[in-house]
Amino acid sequence: MPVKPLPPNADLNHLKHQAKDLLKARTERDPQAAQRIREFHPQFEQASDENIFDAEFKLADAQLTIARERGFASWPKLKRRVEKPTAADDLSLPFHERIQDPAFRRAVDLMDAGDVQGLKVHLNAHPNLARQRVALEGGNYFQNPSLLEFVAENPIRHGKLPANIVEIARVILEAGAKNEPSMLDETLGLVCTGSVPRECIVQTPLIDLLCDYGADPNRGMPGAHGEFEAVHALLRRGARVDLPLAAALGRVDDACRLLPTASPEDRHKALALSAQFGHAEILRTLLDAGEDPNLYNPPGCHAHSTPLHQAALAGHEETVRLLVERGARLDMKDILWQGTPVDWAKHAGKSQIEAYLREREADGKK
């Protein structure tokens, strides 16, 4: 789920009220409150709505949820940002311009310029730089990136990559990043979910390079991002086909084979992905197996919305009809913009789906 960036003149008292409102909504057993807590409070990452409603949950927990929903690791860090902002907190600046460490910033600038020799000299002068991270809080991800992660251009900073970015990545790997498995895996995930590497025709070469150095191809699966070129590159590198991937790719036979032994988490992801990509036969199989069409999508699969929101947005009419016939609620609102599925269909210009959903809404009011 995307974070909600702080406005330029954030008010701490207003944020405190938001935490109290969340606490109250949880007490009232609001499904939106449960989804926000599940997404942003680490203690409740895999908890059901009922478990979240029944667990002990204090104001400090609500404040932690609000802080993480705003892109900060803790309430004290959010409080510091509001009370004593620094240049690194200016979210209007590109990520590289918020880096306060001059040596790290210089390395990123050399990378962006495609200056391989200059980068080698700089990394030799700063031997720990390739294994270092910087703090860039306030966003949805990329909060503690390493130098290697900047090669993915995800999040987008310039909208392009140097033609020799694979060689640049190799320099950073040889300077020490190759010994950091988390950096390898996180960079692979960014490369596989970013559009710029694909558009620059370096997505697959970067995937191969990172896997050659030990990145786990199973950690890079794009899931809901629709980067299927990356998916096929990862499969070629040995990634396994699980139920969510089978659902995203529309592999009906694989989905049916994997469903009986899949975890509840994988079944939930598969439901979200089959709806998003319009694979009605797999969706039907999951619904027949008891999956609930009215759960918000899981983390990593547009968790601010439901399967019906995503199907309506994408224009998958057969999938929309199937979800509605199986009991998907028309009145559920997404968490970010408070829109119903028909609102999403209208926004996307899917007039046939909008008309169908409005007709079903009218039928429900008779």
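Computed from the coordinates by the stated procedures, all read-outs in this text should not be read as laboratory data. The shown structure was predicted, so the numbers you read here are calculated from the model rather than taken from an experiment. Here the Cβ is made from the backbone with ideal geometry for all residues, glycine too, and neighbour counts use every protein chain on show.
Here are a few things to note about the model shown:
- Angstrom value of the Kirkwood radius, inverse mean 1/r, which spans all Cα pairs in the stretch 12-85: 12.2 Å
- Principal axis dimensions, the stretch 1-126 - Cα atoms, whole angstrom, descending: 60, 31, 19
- Where N is the number of residues in the stretch 77-131, Cα Rg divided by 2.2 N^0.38 Å: 1.39
- Under conditions of 10 °C and 1.306 mPa s, the stretch 255-365 yields 116 µm² s⁻¹ as its translational diffusion coefficient, taking Rh as the Kirkwood radius over Cα pairs in the Stokes-Einstein equation.
- With contributions of -39500 (n - 2.57) from each DSSP H run of at least four residues, the per-residue ellipticity at 222 nm computed over the chain stands at -15500 deg cm²/dmol.
- Within the chain: Cβ-based charge dipole about Cα centre, in debye rounded to nearest 20 (Lys, Arg +1; Asp, Glu -1): 700 debye
- What the phi angles of the stretch 212-219 give under the Karplus curve with 6.51, -1.76 and 1.60, with θ = phi - 60°, is a coupling list of 4, 8, x, 5, 7, x, 6, 7 Hz, glycine and proline written as x.
- Overall size of the stretch 95-236 from C-alpha positions, given as principal axis extents largest first: 39, 31, 25 Å.
- Within a straight-line Cα-Cα reach of under 23 Å, residue 24 can be paired with the following lysines, leaving aside sequence neighbours fewer than 8 residues apart in one chain: 4, 16, 58, 79, 333.
- For the chain, the longest principal axis of the alpha carbon atoms and the long axis of helix 181-193 meet at an angle near 60°.
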